[in-house]
1. Determine the alpha carbon to alpha carbon distance for each of 69/120; 571/650; 156/260; 260/297 and list only those over 18 Å.
2. At 0.36 nm per residue, and after removing the present C-alpha to C-alpha distance, how many nm does the segment from residue 178 to residue 629 gain when stretched out fully?
3. Per-residue HN-Hα couplings for the range 407-423, Karplus 6.51 cos²θ - 1.76 cosθ + 1.60 at θ = phi - 60°, whole Hz, x for Gly and Pro?
4. What's the carbon and sulfur percent of the chain's accessible surface, probe 1.4 angstrom, rounded to a whole number?
5. Using a/c under 1.5 as the rounded threshold, could you call the range 311-510 rounded, prolate or oblate? The axes a ≥ b ≥ c are square roots of the C-alpha gyration tensor eigenvalues, and prolate needs a/b larger than b/c, oblate otherwise.
6. Skipping prolines and chain starts, which residues have an amide H placed within reach, meaning under 5 Å, of the one on residue 330, given they are 5 or more residues away or on another chain?
7. List the lysines whose Cα sits under 23 Å from the Cα of residue 423, skipping any in the same chain fewer than 8 residues away.
8. Taking the Cα centroid of the range 103-162 and of the range 272-327, what is the distance between the two, rounded to the nearest whole Å?
Amino acid sequence: MARETFYITTPIYYVNDLPHIGHIYTTVVADTIARYKRMGGFDVRFLTGTDEHGQKMERSARSRGVAPKALADEVVRRYEELWRRLEITNDDFIRTTDARHRAGVHAVIARMQAKGDIYKGSYEGWYCSGCEAFFPETQLVNGTCPDQGHPVELLKEESYFFRLSAYQEPLLAFYREHPEFIRPGTRYNEVVRFVEGGLKDLSISRATIRWGIGWPGDAEHTVYVWLDALTNYISALGFGSGDASLYERYWPATLHLVGKDILRFHCVYWPAFLMSARLPLPRQVFGHGWWLRDERKMSKSLGNVVRPDALLERFGPDALRYFMLREMTFGADASFSDEGFLARYNADLANGLGNAASRVLAMARRYGDGRTPSESCDDSVLRTKAGEVVGRWRETMDAFEFHRALEAVWELLAAVDAYVNEKAPWGIAKTEGVSSPRLQHVLYNCLESLRLAAVMVSPVMPAMSARLLAQLGAPEAPGSLEWGGLGTGQPLGPEGALFPRADVEAFFSEVKVDESKPVQPPVSAPAAPAAAAPAPAPAVGVEQIGIDEFARVKLVVGTVRTAERVPKSKKLIRLEVDLGEPALRQIVGGIGDRYQPEQLLGRQIVVVANLKPAVLMGVESRGMLLAASLDGAPFLLAPDGEVAPGTGVK
Ligand code: MSP
């Protein structure tokens, strides 16, 4: 019999900027669900990808002086690299610049046209390029977009329209018949209220944007970026481009996972487009909450994003995946802080899981000759506890309550600890000898409980789970969730701490600098003496370095493209600097008491381009600008005449 299918998707990410924790979250949750469903025997298809067209992208590329496709290619490479690093198991990666996608979009438009739902008219109103969305004047908040507070601009252009208004009643009827379509429940109510408020026809083409999919049969227009983007969920299955076998197998999607900010596009526009094209509707859209920083949504436009590089480099993918799923109640907002991450890392991973594993494994090695116990045992409080925990874990994973599923596993780990204290295997070894059946039973119960814990955490921490299973001498994941899966007399695997304890102080002194320790703009190095002139004697007490050491510092000229003050900071200014790379570099400099952000725009500066990233007042700095420091006041260094961004400084 064919297995039940489970088609899960993430939003496709804009490529005008590099990924941050918010993007990672959606993808990690999707990966966790995909892995969990595969364990449950489903025929899973997991899709992610990138949204590469539109006004925002066109402008970003222009401001960097590169072609939009070149910028997209570079950012896509970073996304793909990041997903590999985070062990994301997507089956496909769709780009809206793929030919297969264009074919899918054209096929959908043809079906909407056949239904008589598209007509030509003239659009006059407000457009937010941050959200790539149209807003009626009545919805603007203080002249900005109501969703994210982005600036809006007045558009007046010829446009193709979609009769969205005709779908108000069909949509409301659909929501009533499928209350499970929108999750969580609060979001369902929001969407229903929005649609009840009335739907206007939607402009679905742009005449002034060139970077997009051409409108079929009308070279003057490109397809509106959300109609383009939403279609990815079926174009990636081959809809409209020949082989429709994947589409037939996996559509309709089981679950579209999205952030709450893009719920309306997925729960109103997308089902209306599909109804118009007479195609089946997805089964569920889940709108998750936001990662906040200082109570505000983390976003590029606010300049308060957390990038994953430093945390991933130091703690690896499992710890980051665990933190995100344990810390956030799926559906609600949560705050991201390095302090919170480190506290959980040390308490739950280094202490909780890591200690339980190393304690039990050390005893198993000592009393079992490097092998799993010679006898299994199912007569134990641990078996009862494990059975109860596995049941709760399944229920909560099915309900996407990941934090509760993980809490359940940690209860089992605590029970193992208490059991070891109570049974005191070292005492049994002393009084009854190491081959005592009682000792073997106690050890088996502990190892088997750890094996079950490893299997249960595998969707969240795949690499750690595989490592722990290997240490336990157990077969690799998925592994059975029935008690008794651990073989007897099997060789235990290699030793090694799963999560070495983090030195919090060292982390902060390396990675994080705050206002109490203002960043000193470095004073430029003394110029190298001219060859003919005698080298001045080094000042007493100044350490000398060789040219090789100096050459390790990559100094380049950059042009400042954007500048703004870091909120709540007197000195810090956040810059986006063109270093001749495909994407702008975010650099934070402590120069705000001498310079105003506006003075910096277009100015050339000298940057240390290969400095490890640092987080200043919650904003990541990926480089350092150079300034002379006179009595603590910064004087920016610049080349003596304009040079191309990225020019090296020696
Ligand atoms: N390109 C559109 C989606 C098109 S889907 C057909 C888009 N892209 S995005 O890159 O801006 O955002 C992608 C996802 O990341 C969204 O689900 C968004 O909610 C999520 N996040 C971006 N910042 C976030 C946080 N600070 N916290 C959690 N997720 C957030 O929208």
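The values are calculated or read from the model by the stated rules, or taken from the named source; none is laboratory data. What you see is a predicted model; the values in this text were computed from it and never measured. Cβ placement follows ideal geometry from the backbone for every residue including glycine, while neighbour counts extend to all protein chains displayed. Only protein heavy atoms, including side chains, enter the accessible area calculation; ligands, DNA and RNA are left aside. Shrake-Rupley method; radii C 1.70, N 1.55, O 1.52, S 1.80 Å.
1. 69/120; 571/650; 156/260
2. 155.9 nm
3. Once rounded to whole Hz, the list reads 4, 4, 4, 5, 5, 5, 4, 5, 5, 4, 4, 5, 5, 4, 4, 6, 7.
4. Carbon and sulfur: 52 percent of the exposed surface of the chain.
5. Here the range 311-510 falls in the prolate category.
6. Amide H to amide H, under 5 Å and 5 or more residues apart or across chains, residue 330 pairs with 402, 403.
7. 385
8. Rounded to whole Å, the Cα centres lie 25 Å apart.
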